[in-house]
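Structure first, then comments.
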Amino acid sequence: MAATERSWVAVEIDGKPASQRTMEPNEIQTFRARSSFDLITGNAEGIILTLNGKTLDPLGHRGETKKVHLTLQDVQNAAP
């Protein structure tokens, strides 16, 4: 996970809280999970996700709240 803009994020790994903070531009954070990640961000445009070496499509627009569920098999976007 990389921040291109100031963005609040909360991450759950395998169903357990892992991080909740505001990321600053150019900050990178790496997470590992056995089965899944859940991410909520308050600035969907400001976060870039990479899953298993593949950079994912943008999550949304500037200031948009977005919830994303990530697994090894797929990426599922869901409204918060």
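The values are calculated or read from the model by the stated rules, or taken from the named source; none is laboratory data. If you're wondering where the values come from, they're calculated on a predicted model, not measured in any experiment. All Cβ positions, even for glycine, are placed from backbone atoms using ideal geometry, and neighbour counts span all protein chains on display.
Quick notes on this one:
- Here PRO25 meets the list (1) more than 12 Å from the chain's Cα centre (by Cα); (2) surrounded by 14 or more Cβ atoms within 10 Å (Cβ to Cβ) almost entirely, failing just condition (2).
- Condition check for ALA44: in contact with a His (Cβ under 9 Å, 6 or more places away or on another chain), modelled with pLDDT of 95 or more and not β-branched (Val, Ile, Thr): yes
- Where strands (runs of 3 or more DSSP E) sit wholly within the range 11-72, none has at least 2 residues that are in contact (Cβ under 8 Å) with a residue 40 or more places away in the chain.
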